[in-house]
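Working notes, structure below.
The values are calculated or read from the model by the stated rules, or taken from the named source; none is laboratory data. Computed from a predicted model, the values in this text were never measured in an experiment. Using ideal geometry, Cβ is built from the backbone for each residue, glycine included, and neighbour counts are taken over all protein chains shown. Each accessible area value is taken on the protein alone, full model and side chains, heavy atoms only, with ligands, DNA and RNA left out. Shrake-Rupley method; radii C 1.70, N 1.55, O 1.52, S 1.80 Å.
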Amino acid sequence: MSRQQQEHVSNPSRRNFLKFAGITGGGLVLGVSLNGCSSSTPLPYSSKDAWQPDAFLQMTSDGQVKFFLPQAEMGQGVTHGLTTLVAEELNMPPSDIDVTVAGVHKDYDVPGAGMQVTGGSASMRTRYEGVRQSAAKMRSLIVQAAAQQWNLPAADLVLLDGKVSHGDRVAEVSEFVATAVALPIPEQVTLKDEKDFRWIGKSNQPRVDAIAKVTGTAEFGIDVEIPNLKRAALLRCPVIGGSVKSFNSNGAEKALGVHQVLSIYNGVAVLADHYWQAKKALESIQVEWDYPETLSAHSSADIYQAMGEALSEDGENAFEQGDVAQAFSQADKTLSARYQAPFLAHATMEPMNCVVHLQGDRAEVWAPTQAPGLAQQIASEHSGLDRDNIQVHTPFLGGGFGRRAFHDFVAETTAIAKATGVPVQLVWSREDDMQNDYYRPAAMAEFEAGVDDSGLLNSWRVKRSGPNIMPYMIDEALGMLLPEAVPQSISEWLSKRGYGVFDSWQIDPASVEGLHEDYKVANKRVDHVTVDPGLRCGYWRSVGHSFSGFFVESFMDEVALKTSQDPLEFRLRHMDDNPRLKNVLQLAAKQAGWGQPKPGRFLGLAAVKSFESYVAEVAEISVENNQIKVHKVTCAVDCGRVVNPDIVRTQMESGINYGLTATLFGDITIENGAVKESNFNDYPILRMSEAPEIDVILVDSKEPPTGVGEPGLPPIAPAVANAVFAATGQRLRSLPLKLA
Amino acid sequence: MISFRLNGETVSTDVPSDTPLLWVIREHFQLTGSKFGCGKGLCGACTMHFNGNAIRTCVMPVAAVADGEVTTIEGVGQPDQLHIVQQAWIKHNVPQCGYCQSGQIMSAVALLEQNPNPSDEDIDNFMSGNICRCGTYSRIKQAIHSAADAKHSGVVLFDPQQVQGGAA
């Protein structure tokens, strides 16, 4: 038992909280893949009739370019984004490229991540060079093949829109495929010069997935149809982690269309011809549950009380610079404040669902997933089949936001398919989805700042308390991170004790990210105390920044105003080491008319760097009848080179509106371990009448591109909260914002 | 046996009369453009037209549409023959994940049929039953205005055969 565990046990008020959660490792874990399929494993979707120089691109004998998209499309625009790169290097329109989401293969692992995953706003950042190289190699090989066939220098040939030409001589690329196949693949080729860009940096093409998505023809997981598919619905324990002690079907198996009523590891399933038959049959089933002990002992009030009390403990040190204690003693003025953020559900529009077809020693899985390799692993654990014999297909995701990095829905579907022996689709109800999420962890933090006599911060101390994501990710991913030679019983045992395996890593980076990084202060310290009631937590759009952005940017506002400084000027004084963040803050403030709000309107601002992108936002609000109305948000973003300007704008809009739901409404509450919220009536989502006008400014940059799926979110809650203070004098330190 | 007209064709089904129309359309008639979102009529992902009105079909028993006219997203326009509202959606780059967009478009088409020149407030009121988790609201609003204007002027907002840009 570690020192920290002993401390926790000795604290009587925290007796029923999980003791392990603070001692697990960070995102580091994902980089420790010890195996995975070898590079000699055949590529999924490869074809004998097509030329495929690498995992990403294929050219059929008739010249059709196929791009195997190594990332999941969940709305963020990665299909169009990465296809733009292919189109640019192959010098052809993105709409002429046939895009298929890649299957599972080591060659599709995210560079540096050791696994195939869509998250961390990393797709454009990690794929920009590699995808362009891949397409540029294909271009180079086709041109070389043409040069060989025509006996001309390659430099004299032009590849344009699927044709090779030399003066008046023009031929389709298909004429050169057979020759290209035999050519050696170059290690490295020269990429297109940016002055010749036709697609990168321009908004001259609709998204390649747009037509399918306005005609109802885009295939989501829930739309997958295969022969003899049966539909399932599942009744789960009201407290996540419970299991079936006994059940009485009350004749549910005799209902029209119902084939079978069966219990699996976490509930009772009905298998029927149609979803509605299965769903309706669930209503008559009575279950006696085995409730999970730890989580069942908790309700929201005691969880927040324990998180608050934990802030008086020492905790684990996450970051230290300079001498904070001495700096505080020398400060002209010291200030402190405590902030709080709740558990949140992802509430993707498409509820969780999955199709599993077990076929002897092989299987096919259709999973709307952000990590198909994990889906494969989970299906393997629950079917007993080898990973390499399970083919995962990834359709469009009806929203992801981090929820679909976890695969309980794949586990359940596989368990039902194994028990019934038929191809199964499991569809979750909205209530299932709301009450069985991997929640954004609740968080509480105590901030202290010391200000010197010139009004500059000389010291910054933060302590965060709350649960961590990592134990739940380890539980999910350990099987994949271990060599396949480790027997499943051992990996299951380790999975339940992942905290012990990763004992040496003390702090989950996702719990403390963003708490100190953006501003220049000589003396800083960040500490962490884990308080985990056992409600499973997961990655939620912008992860730790989703709460730390609110905390830090609210506190900066407080310190500025309490030392009689303008919130903009005060921030700028501490941003000399952070010129890109400083720049977006200045741009947004100027565009929004900082200092000159319209009559009856109030402005608040915030700036956060997250996932290597820099975003500042200014919220324009009014308060009428004690209601907060957000009228307009001005946003400036620096994400390096902008590949698709309009997709960057849409992602800022999306992050802002997703963040506004959390700012104004989002609150998952617990009663005796069960999530109380169930649907959009008690977990409201921002609606059109509540959505602001959004003005996005893109910084023109030649820095390497960085992601945009998440960074638009962190600044919105503090920008609104700061505007609310300007409007009412009420400093709201807890999300969602509620006026007194 | 319940009969109704589906996208202009007469169809019939023998499912129990309380089966929600959404599941009948998705699983029995294999039109999967209409989506399941909440099952309580709260999010609008399942929106279809019944006798020209936008309805939430996840809570509409199939018996309620007997002998009536049901239109789904598939009946509004096809990839090679886009409705002006679908064109406007593409022009304004509305869809992100796209899951709610069939329902959004069905609501917008119904709105414009009832009110050819909606104000921002009219749009807010009519469209607030449709949730979009990707937050595409401001673009939906612009697209509805564009579609309204184009309906009057007869302008084509998007033609897949005429994708612009990309001059080499």
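List of remarks:
- Proximal charge balance of A:PHE409 [Cβ under 10 Å; K/R count +1, D/E count -1]: -2
- Surface accessible to a 1.4 Å probe, A:HIS274 within the full protein complex, Å²: 50 Å²
- Sites B:GLU121 and A:GLN148, calculated FRET efficiency, Cβ-Cβ separation with R0 60 Å, nearest 0.05: 0.35
- Magnitude of the charge dipole for the protein assembly as shown, about its Cα centre and with charges confined to Cβ atoms of Lys, Arg (+1) and Asp, Glu (-1), is about 700 debye.
- Translational diffusion of the stretch A:201-342, µm² s⁻¹ [Kirkwood Rh, Cα pairs; Stokes-Einstein; 4 °C; 1.567 mPa s]: 60 µm²/s
- When the stretch B:2-76 is described by a simple charge dipole with +1 on each Lys and Arg Cβ and -1 on each Asp and Glu Cβ, the residue from B:ILE55, B:SER17, B:CYS38 located farthest towards its positive end is B:CYS38.
- Pair-distance profile P(r), taking every C-alpha pair of the stretch B:1-63, with 5 angstrom steps and integer %: 4, 19, 30, 31, 13, 3
- Too-long pairs where the Cα-Cα distance tops 20 Å, listed order kept, from A:LYS463/A:LYS582; A:LYS582/A:LYS609; A:LYS333/A:LYS520: A:LYS463/A:LYS582
- Taking the Cα centre of the stretch B:2-76 as reference, the dipole from Cβ charges on Lys and Arg (+1) and Asp and Glu (-1) amounts to some 320 debye.
- Sorted peptide list for A:403-412, A:287-296, criterion being average Cβ within 10 angstrom, highest first: A:403-412, A:287-296
- Selected from B:CYS58, B:CYS97, B:CYS46 as most flexible by GNM, with chain B as the system and alpha-carbon contacts under 10 Å: B:CYS97
- Helices meeting the span-like rule in chain A (full DSSP H runs, Cα extent of at least 20 Å along the helix axis, mean Kyte-Doolittle score of -0.5 or higher): A:545-562, A:645-664.
- Mean residue ellipticity (222 nm) of chain A, computed from DSSP H runs ≥ 4 via -39,500 (n - 2.57), nearest 500: -9000 deg cm²/dmol
- By accessible area with a 1.4 Å probe, ligands and nucleic acids excluded, highest first: order of A:ASP209, A:ASP54, A:ASP193: A:ASP193, A:ASP54, A:ASP209
- Near A:TYR128, once Lys and Arg are set to +1 and Asp and Glu to -1 for all other residues with Cβ below 15 Å from its Cβ, the sum equals 0.
- Fraction of alpha-carbon pairs over 19 Å apart in the stretch A:623-740 - percent: 53 percent
- Karplus 3J(HN,Hα) series, Hz, for the stretch A:179-194 with 6.51 cos²θ - 1.76 cosθ + 1.60 (x for Gly, Pro): 6, 4, 4, 7, 7, x, 7, x, 5, 8, 10, 7, 7, 4, 6, 5
- Applying 0.36 nm per residue to the separation of A:ASN228 and A:ALA325 and subtracting their alpha-carbon distance, the gain on full extension is 28.1 nm.
- Averaging over all projection directions, the Cα-based convex hull of the protein assembly as shown occupies 38.4 nm² in the image plane.
- Tilt relative to chain B, helix B:137-153 - C-alpha long axis, 0 to 90 degrees, to 10: 80 degrees
- Adding -39500 (n - 2.57) for every DSSP H run of four residues or longer, then dividing by how many residues chain B holds, sets the calculated 222 nm ellipticity at -9000 deg cm²/dmol.
- Distance from the alpha carbon centroid of the stretch B:115-136 to that of the stretch A:344-420 works out to 35 angstrom.
- Probe 1.4 Å - accessible area at A:GLU517, Å² to nearest ten: 90 Å²
- Helix B:101-114 vs. chain B, principal-axis angle (Cα, 0 to 90°, nearest 10): 80 degrees
- Average other protein chain Cβ within 10 Å of Cβ, residues A:650-658: 5
- When A:ASP437, A:ASP700, A:ASP332, B:ASP18 are compared by accessible surface with a 1.4 Å probe, the order from highest to lowest is A:ASP700, A:ASP332, B:ASP18, A:ASP437.
- Simple rule: put +1 on each Lys or Arg Cβ and -1 on each Asp or Glu Cβ in the stretch A:210-261, find the dipole, and look at A:ILE226, A:LEU256, A:SER243; the Cα lying farthest toward the positive end is A:SER243.
- Restricting the stretch A:167-221 to GluC sites (Glu not before Pro) that sit in a DSSP loop and have at most 12 other Cβ atoms within 10 Å of their own Cβ leaves A:GLU187.
- Extension reserve of the A:SER312-A:LYS676 stretch, reckoned as 0.36 nm per residue once the Cα distance is removed: 128.1 nm
- Cβ-defined net charge surrounding B:PHE4, 12 Å radius [Lys, Arg +1; Asp, Glu -1]: -2
- Annotation for the B:A interface, with buried accessible surface near 5000 Å², both sides summed [1.4 Å probe; non-protein components not counted].
- Prolate/oblate/rounded label for the stretch B:84-157 (Cα gyration tensor, a/c 1.5): oblate
- In this Cβ point-charge picture (+1 for Lys and Arg, -1 for Asp and Glu), the stretch A:50-214 has a dipole of about 340 debye about its Cα centre.
- If R0 is taken as 22 Å, the Cβ-Cβ distance between A:ARG338 and A:SER299 corresponds to a FRET efficiency of 0.55.
- Selected from A:TYR519, A:TYR339, A:ALA171, residue furthest toward positive end of dipole (chain A; charges at beta carbon): A:TYR339
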